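Structure, as structure tokens:
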Amino acid sequence: MSYHKIPEKSVLVLGAYGFIGAAVARALLTTGAKVTGLVRDLFQGKRVLPDVALRQGDLRQLLRKEDWQELLVGVDVVVNCAGALQDNAKDDLGAVHHTSISALAEACALKGTDIIQISAIGAEPDASTDFLRSKAAGDAALRASGVRLWVLKPGLVMGQTDYGGTALLRMLAAIPWVQPLAYPETPVQCVGMPDLCKAVTSAVAGRLPEGTFDLVEDTPHELSDVVRSTRHWLGFPAARFSLILPQVLTKVIAALADGLAWLGWRSPLRSTAMTVMADGVTGDPTPYKAASGHGVAPLPDIYATLPCAREHRLTARMTLLMPVVVVTLCLFWLLSGVLGLVGVPPASDILIRAGWSAPLATTSVVFWSLIDIALGLAILWRPWAARVCVAQIAVALFYLIAASITTPELWLDPLGPLVKILPAMILSLVALPMLDSR
């Protein structure tokens, strides 16, 4: 899709390496605009957007208008693509969606800087979730500031990459044979990422009048139809039958996902996402059509123009399998350590027969059993998970080398204690790319 040329504008994109932010930043680059991205992590930002100038900044710490002054020097337009689904160890909805945006609005009002706010369908003060209510509070603060403002409220965003709702759709579509679904009749209106980027670039170029616009296709679809279309686009066989999940099970799954969020796992199955899906994702396309002179592409056209390749199917399957892989590694190392502590005498006897002293043998078994337990528990803390996988591989390799030197006969043991270490190492190696968040 082509965008209007806007080489004279300097644009700051908040949340620039996110699902929407990265696409918006790339689209703005094609217009000739001078684009700067604000990101939490510069290393991750450079991986996602190697051609974009980046500044480090965390909205949780930019809570006063003074905090924004330096970042806004020379900036004509701010595009806010930052957001969080719900409160957890790394996200604070009030700070990210309201307090920091209110401070941004004050700073932009003083400098005469325009703002394009990527909000959300259903963002109203009386909405059913903290996510939508905090988004609405941020929208209200922007309107009250008097800045030149565009508030864009996209429906379910469909893009080349996946995150959040799109990741959930593809994960569900990857389940073989059966199609489990909660709220299959929920109405959903989608928007393709190119149409969302076009709305942003049109606003930056001054070709879209100020206002609040729902970016949604004309006709809603039932959620079951959206998943079916996603399955077809990915090239997976149609499900043989559907399984409608009862609400009580859906709530249990969401509660479990919420708990894991405090360990850093940002599952698309959290309660906020489930509540939004239960309520539906629908808006009014008329104001945007009237203001822009065109609407957004319907879901069939989005998928018809969106290339799908092997990597999309692989990612969908890996997203589905990742919880299984992490839990398997957790249990393998945890149980290995527990069984080691329970079986200290027989394990020590093996080392004693190899020439070790009894105290040294016992100390070694207890020490490495505790290491196993620590590795099993540590992988559950998401910020450490990738490094823990590397540690698991290193420890397993140490076990193989040490055992081969001190007790080589274990390679011929009928139970294969050393042979079983090899698939565990490979599973940790497989988990590493699965844990890559961007």
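So in the chain, what percent of DSSP beta bridges are antiparallel if you round to the nearest 5? Mind dumping the intermediate values first?
Numbers: 2 of 36 bridges.
Restricted to the chain, the bridges split so that about 5 percent are antiparallel.
Find how many whole Å separate the alpha carbon centroid of region 21-82 from the alpha carbon centroid of region 182-205.
21 Å
Counting only residues 5 or more places away or on other chains, whose amide H sits under 5 Å from the amide H of residue 40 once H atoms are built in the peptide plane?
Distant-sequence amide H within range of residue 40: 57.
Which of these values of percent of Cα pairs over 39 Å apart was calculated from the structure shown: (i) 15; (ii) 31; (iii) 26?
(ii)
Could you identify which residue out of 115, 352, 253 has the top mean-square fluctuation in a GNM of the chain using Cα springs shorter than 10 Å?
Of the options given, 352 has the highest mean-square fluctuation.
Under the rule of -39500 (n - 2.57) per DSSP H run of 4 or more residues, summed and divided by the residues of the chain, what mean residue ellipticity at 222 nm is obtained, to the nearest 500 deg cm²/dmol? Could you put the intermediate results ahead of the total?
Values: 17 runs with 222 residues, N = 438.
Helices in the chain give a 222 nm mean residue ellipticity of -16000 deg cm²/dmol.
I want to verify a result. In a Gaussian network model of the chain, Cα cutoff 10 Å, which of these has the top mean-square fluctuation: 74, 416, 155?
416
Are there DSSP H segments in the chain that both extend 15 Å or more along their axis (alpha-carbon positions) and score a mean Kyte-Doolittle hydropathy of at least 0.5? List them, or say none.
Details: long enough: 19-30 (18 Å, 1.73); 100-111 (17 Å, 1.07); 130-145 (22 Å, -0.16); 193-204 (17 Å, 0.81); 223-234 (17 Å, -0.24); 247-261 (21 Å, 1.30); 310-342 (46 Å, 1.33); 358-378 (30 Å, 1.58); 385-406 (31 Å, 1.85); 421-434 (20 Å, 2.27).
Qualifying helices, which must be both long enough and hydrophobic enough, are 19-30, 100-111, 193-204, 247-261, 310-342, 358-378, 385-406, 421-434.
Taking only C-alpha pairs under 8 Å that are 6+ residues apart, what is the relative contact order of the chain in percent?
Details: 746 pairs, mean separation 54.2, N = 438.
So the answer I get is 12 percent.
Counting other C-beta atoms within 10 Å, and keeping those with at most 15, which DSSP coil GluC sites (Glu not before Pro) do you find in region 22-118? Please report the intermediate quantities before stating the final value.
On the way: sites: 66, 70, 106; in loops: 70.
Those that pass, being in a loop and sparsely packed, are 70.
So which residue, out of 384, 368, 356, gets the largest mean-square fluctuation from a GNM of the chain using Cα contacts under 10 Å as springs?
Top of the fluctuation ranking is 356.
Report, in whole Å, the centroid distance computed from the Cα atoms of region 84-125 and region 378-427.
So the two Cα centres are separated by 46 Å.
FYI, it's all coordinate maths here, none of it is from the lab. From a predicted model like this one, the values you see are computed outputs, not experimental measurements. All Cβ positions, even for glycine, are placed from backbone atoms using ideal geometry, and neighbour counts span all protein chains on display.
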